[in-house]
Amino acid sequence: MLYIDEIFGPTVQGEGKYIGAVSVFVRFAKCNMSCMGFAVPYGDDKCGCDSFHAVDTIYKDSWQKFDKADDIIAQLESLSKTSNIVITGGEPLLYWGEPQFQKLLKHFVRLDRRVTIETNGTIDIKLDKKWQRQIIFSIGLKLANSSEPKHRRLNTKALANIISYSDNTYMKFVIDSQKIDDTMCEILQIRECFPDTDIYLMPLGHDSDTVAYHSYDTVALAIKYGFFYSDRLHIRLWNNERKR
């Protein structure tokens with residue numbers, strides 16, 4: 001069974017390597033993290049990541065249930081027959097072993113649609129199909145500023161598996177201006193392990209004002225260390241509005 005929080009688009013991809021690309025999104029529900037350190041407020045004095053509605057099980061009654069990939073494909077095709085496909089979450093790789101999840105991915109890869117999976121990179125998956133090499137893995141590694149313990153947010157074996165198999169992998173990190181020294185220490189350690197993988201730095205924030213505040217330091221760090229800067233276009237334009 002595939003649990004999906006929302007299917008939406010076409011809109012623009014808001015962050016990462018393909019920022020600005022017209023895309024349709026499938027946001028899978030469930031995650032193996034909560035990222036309380038990102039401090040997005042919701043509910044009764046709760047805080048977490050900016051996709052809390054796909055993560056917190058208090059929203060599970062609103063999640064859509066699919067047992068056939070064809071039904072998801074039909075919804076996406078009704079939105080756009082040409083746009084890029086972004087598989088996000090939550091943590092979509094929780095469903096990697098599901099045959100219907102693989103059918104969904106394979107369908108769009110075979111159509112030469114650009115397929116991006118947004119993942120936290122902690123789940124060790126089996127990659128053994130030639131077509132899977134065409135998937136773009138956008139790995140949003142979580143750092144100490146997420147408030148997740150290191151043993152949960154960093155799985156070097158899983159990372160090495162994805163990076164060594166896929167030709168289209170990049171990593172992205174959220175930058176908090178108040179925690180720059182510790183954050184950069186972590187990022188530089190990770191770069192030593194994966195020196196050939198592109199790294200994107202993104203400003204922290206669930207609203208445009210907060211993103212703007214953290215963006216100056218984020219740009220400065222990208223320039224200093226030779227990384228890429230990624231804005232968070234969807235938040236600049238629509239704050240944390242859903243289906244954007």
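Laboratory data are not the source of any read-out in this text; all were calculated from the coordinates shown. Note that this is a predicted model, so its numbers are computed, not measured. Counting neighbours? That spans all protein chains shown, and the Cβs are built from the backbone with ideal geometry, glycine included.
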Using all Cα-Cα distances in the range 158-244, what percent lands in each 5 angstrom bin from 0 up to the longest?
3, 14, 23, 21, 16, 14, 8, 1
Derived scalar couplings ³J(HN,Hα) [the range 120-127; Karplus, 6.51 cos²θ - 1.76 cosθ + 1.60; whole Hz; x for Gly, Pro]
8, x, 9, 9, 7, 10, 8, 10
Answer in debye to the nearest 20: the dipole magnitude of the range 2-173 about its Cα centre, from +1 Lys/Arg and -1 Asp/Glu charges placed on Cβ, is 700
Taking the Cα-to-Cβ direction at ASP198 and at ASN32 and moving 7 Å from each Cα, how far apart do the two end points lie in nm?
2.6
Measuring from the longest principal axis of the C-alpha atoms of the chain, the long axis of helix 156-165 (C-alpha) lies at a number of degrees, nearest 10, equal to 60
Taking θ as phi - 60°, what are the ³J(HN,Hα) couplings along the range 176-182 by the Karplus curve (6.51, -1.76, 1.60), each to the nearest whole Hz, with x for Gly and Pro?
9, 4, 7, 9, 5, 4, 5
Name the residue from PHE38, TYR95, ILE139 whose Cα lies farthest towards the positive end of the charge dipole of the chain, charges +1 on Cβ of Lys and Arg and -1 on Cβ of Asp and Glu.
TYR95
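Just list whichever of LYS46/LYS103; LYS60/LYS129; LYS68/LYS243; LYS157/LYS179; LYS106/LYS224; LYS30/LYS106 have alpha carbons separated by over 30 Å in the model shown.
LYS46/LYS103; LYS60/LYS129; LYS106/LYS224
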Can you give me the relative contact order of the chain as a percent, contacts being Cα pairs under 8 Å and 6 or more apart?
20
Between 0 and 90 degrees, rounded to the nearest ten: what's the tilt of helix 69-79 against the longest Cα principal axis of the chain?
70
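In what sequence, highest mean first, do 212-219, 72-79 appear when ranked by Cβ atoms within 10 angstrom?
Details: 212-219: 17.4, 72-79: 15.4.
Top of the packing list down: 212-219, 72-79.
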Nearest 10 degrees, 0 to 90: helix 208-225 Cα axis against the chain principal axis:
70
Over the chain, with a single point scatterer placed on each C-alpha, what log10 of the ratio I(q)/I(0) does the Debye formula yield at q = 0.08, 0.12, 0.13 1/Å?
-0.28, -0.66, -0.78
Non-local amide H neighbours of GLY48 (under 5 Å, H modeled in plane, Pro and chain starts lacking H): which ones?
ALA39, VAL40
What nm distance separates the two modelled labels at GLN64 and ILE180, each placed 7 Å from Cα along Cα→Cβ?
4.3
What is the set of long-range amide H partners of LYS172 at a cut-off below 5 Å, with H atoms built 1.01 Å from backbone N?
ILE139, GLY140, LEU141, TYR200
